[in-house]
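Structure, as structure tokens:
The values are calculated or read from the model by the stated rules, or taken from the named source; none is laboratory data. Since the model is a prediction, treat every value here as computed from it, not as a measurement. Cβ sites come from the backbone with ideal geometry, for glycine too, and all protein chains shown count toward neighbours.
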């Protein structure tokens, strides 16, 4: 059991004891109640000791904890503990300014998902918190964090059904309009993963018609439907699948290439602070340029990124990439 969950169980057990003004709870009683609560929850019988419960009482009394009105009363040679306010409970305590600040920060992060299908609960959550905890979700307040987003992005109506198909391992049929052709394409895929790149969303899946993964942009999808064809499971780890690629495309039969770039001194500080890829490293410093090396697959996205910098970046190798850039 995690330390935080363990502590929460103890705090709640102690809280129940101290709220009961009809009984005196000595330290041995509190230890016993904490250990019973932990056992009831987890089945673990390696309970806590007196020292831990004393530490818990100090924390609960502190401003960093719950500012609980705990008083210790002498009873002969022993002492018992009780709330001076019989109506107090740590579960009734107002949210502190520090906790409000943390909740506000979390809401700003969650606001990144506003507008995405299936994330309407973010707006509902903000309304509920604003109603119950005034000041946390102030709609008139300027946000502290802004994320890149495109509210006019096409295809987002397919995000939720694709996401659900991934979760429930269901095959989907997709009508797709490639930007290079006016003829609609039909795909049947087992969807595995949704990825955002350059403010666009892509779904990755396996089609029985192909040996390699199929990659479809959501903004080119015309329609999707779940179908009864058996789902094709995958062993691909998408946490590592994109490690050697810029963007979302891994060309068929592609090999990892060591790409050597010559970057002007004016551009280099920007490239250093925002690397083109995780493999980027400096291999030489010349009078008129910095020489960098990437180890990546050569794909459309890599070529687009390099061309976007104009003459500030020149490709030294491999020759195949130089030739491909000349044809664009």
How many residues of the range 32-48 are in contact (Cβ under 8 Å) with a residue 12 or more places away in the chain and touching a helix residue (DSSP H, G or I) at 6+ places or on another chain (Cβ under 7 Å)? The answer is 8
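May I ask you to list the residues in the range 176-191 that are in contact (Cβ under 8 Å) with a residue 12 or more places away in the chain and either touching a strand residue (DSSP E or B) at 6+ places or on another chain (Cβ under 8 Å) or outside the structural domain of residue 205 (by TED's automatic domain parsing) (or both)?
Within the range 176-191, the subset in contact (Cβ under 8 Å) with a residue 12 or more places away in the chain is 176-179, 184, 186-191.
Of everything in the range 176-191, those that are in contact (Cβ under 8 Å) with a residue 12 or more places away in the chain and either touching a strand residue (DSSP E or B) at 6+ places or on another chain (Cβ under 8 Å) or outside the structural domain of residue 205 (by TED's automatic domain parsing) (or both) turn out to be 176, 177, 178, 184, 186, 187, 188, 189, 190, 191.
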Which one of the conditions (1) in a helix (DSSP H, G or I); (2) touching a helix residue (DSSP H, G or I) at 6+ places or on another chain (Cβ under 8 Å) does residue 292 fail to meet, given that it meets all the rest?
(1)
Selected residue (criterion: surrounded by the most Cβ atoms within 10 Å (Cβ to Cβ)) from residues of the range 16-31 that are in a helix (DSSP H, G or I) and out of contact with any helix residue (DSSP H, G or I) (no Cβ under 8 Å at 6 or more places or on another chain)
18
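Quick grid of which residues meet (1) over 26 Å from residue 6 (Cβ atoms); (2) modelled with pLDDT under 90; (3) under 37 Å from the mean Cα position of the chain (by Cα):
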| residue | (1), (2), (3) |
| --- | --- |
| 58 | no, no, yes |
| 61 | no, no, yes |
| 87 | yes, yes, no |
| 94 | no, yes, yes |
| 107 | yes, yes, yes |
Consider residue 291 carefully, then state whether it is over 23 Å from residue 241 (Cα atoms) and either buried (at least 17 other Cβ atoms within 10 Å of the Cβ) or modelled with pLDDT of 95 or more (or both).
yes
Residue count for the range 259-274, restricted to those that are in a loop (DSSP other than H, G, I, E, B) and either farther than 18 Å from residue 246 by Cβ or in contact with a helix residue (DSSP H, G or I) (Cβ under 6 Å, 6 or more places away or on another chain) (or both):
4
Looking only at the range 70-84, count every residue that is surrounded by 14 or more Cβ atoms within 10 Å (Cβ to Cβ) and over 18 Å from residue 29 (Cβ atoms) and tell me the total.
0
Restricting the range 160-175 to residues that are without any contact (Cβ under 8 Å) to a residue 60 or more places away in the chain and crowded, with 17+ Cβ neighbours inside 10 Å, the residue that is farthest from residue 222 (Cα to Cα):
166
Evaluation of residue 219 against (1) assigned to a strand (DSSP E or B); (2) under 21 Å from residue 173 (Cβ atoms) (one fails), failing number:
(1)
